[in-house]
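Colleague: Have a look at the structure that comes next, please.
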């Protein structure tokens, strides 16, 4: 029954005993484990918030309008990612390539913006060893930037494989899996943007 | 698990205009978050407002863009377990160390 379903959907994939495709189940479990990774990094930032004995402090260097543009860029990339998935599922390879490359380009804009932000912070005296804020901030946002960079490589690989005919309407599970990963880095940024940038001293003043 | 069920799990996704609508809502919420962070409305209201909008944005992306609203509940259970475990474990740590005091 499961083998016939596999052929019916046109996917060269395996199904778990629940009938769900194994790679997709594995991706969701991986993303669930990633929640713990980023939860740990965000919690570490919160635990040491306000504990730096020397500056610069968040209020001295955060540029909210600039970071807001980065947040919009990453949100826009989530839209182009779902449009790419929608295009490949319709068999529209041209639009798929346009949307997937647009997503990769938006990802590069985000990472480029992060590199510029890191450089600016460094020039203003904040390094990873400067104080607890620098250590926890660069570790958290650096890990997120690394995830975005891996996502960009996967997006470019998908565009290349589509050109080779290895990813198409019948074999689109890999696009869906990369899409899940890409949306995950977006939701992590949604949390980082609010908790780290917009409410920098929230936990210690909550309820006051 | 029938072939029809496999098919419906794989392809019952929203139309493109619905994705664009969700993206516009996300954009408006982000703009509202930034605006609220500059408003002098009292620290408690500001923080709870920002956290509420963050959770709404999180849910919109997970339910629509990641298709949890339309896919098999099994995926949602796996991800919810991860999120709940994260909130419980690190919530306990943050409370223990008095971060919310």
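The values are calculated or read from the model by the stated rules, or taken from the named source; none is laboratory data. No experiment lies behind these values; they were computed from the predicted model shown. We place every Cβ from the backbone using ideal geometry, glycine too, and count neighbours over all the protein chains shown.
Colleague: Does residue A:178 count as part of a helix (DSSP H, G or I) and within 10 Å of chain B (Cβ to nearest Cβ)?
Modeller: Working: part of a helix (DSSP H, G or I): yes; within 10 Å of chain B (Cβ to nearest Cβ): no.
It is false that residue A:178 is part of a helix (DSSP H, G or I) and within 10 Å of chain B (Cβ to nearest Cβ).
Colleague: Next up: Can you tell me which of (1) facing chain A (nearest Cβ under 9 Å); (2) within 13 Å of the chain's Cα centre (by Cα) is the one residue B:91 doesn't meet?
Modeller: Exception for residue B:91: condition (2).
Yes or no, residue by residue, for (1) farther than 17 Å from residue A:193 by Cα; (2) within 15 Å of the chain's Cα centre (by Cα):
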| residue | (1), (2) |
| --- | --- |
| A:28 | yes, yes |
| A:35 | no, yes |
| A:46 | no, no |
| A:51 | yes, no |
| A:59 | no, no |
| A:62 | no, no |
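Colleague: On to the next question. For the subset of the range A:155-172 comprising residues that are touching a residue at least 24 places away in the same chain (Cβ under 8 Å) and under 19 Å from the mean Cα position of the chain (by Cα), which member is nearest to the other protein chains (Cβ to nearest Cβ)?
Modeller: So the residue we want is A:155.
Colleague: Mind checking whether some residue in the range A:122-130 is in a helix (DSSP H, G or I) and either under 23 Å from residue A:188 (Cα atoms) or within 14 Å of another protein chain (Cβ to nearest Cβ) (or both)? Break it down stepwise before answering.
Modeller: First pass over the range A:122-130, keeping only residues in a helix (DSSP H, G or I): A:122-123.
Those still in the list that are either under 23 Å from residue A:188 (Cα atoms) or within 14 Å of another protein chain (Cβ to nearest Cβ) (or both) too: none.
Within the range A:122-130 (the criterion being in a helix (DSSP H, G or I) and either under 23 Å from residue A:188 (Cα atoms) or within 14 Å of another protein chain (Cβ to nearest Cβ) (or both)), the answer is no, since none of the residues qualifies.
Colleague: May I ask you to verify whether residue A:49 is within 30 Å of residue B:93 (Cβ to Cβ), within 11 Å of chain B (Cβ to nearest Cβ) and at pLDDT below 95?
Modeller: yes
Colleague: For the range A:78-114, give me each residue that is at the interface with chain B (Cβ under 10 Å from one of its Cβ atoms) and touching a residue at least 40 places away in the same chain (Cβ under 8 Å).
Modeller: Correct list: A:78, A:81, A:82, A:85, A:89, A:90.
Colleague: Here's a follow-up. Let me spell it out: the conditions are (1) surrounded by 18 or more Cβ atoms within 10 Å (Cβ to Cβ); (2) part of a loop (DSSP other than H, G, I, E, B); (3) touching a helix residue (DSSP H, G or I) at 6+ places or on another chain (Cβ under 6 Å), and residue A:100 meets all of them except one. Which number is the exception?
Modeller: Just one mismatch for residue A:100, condition (2).
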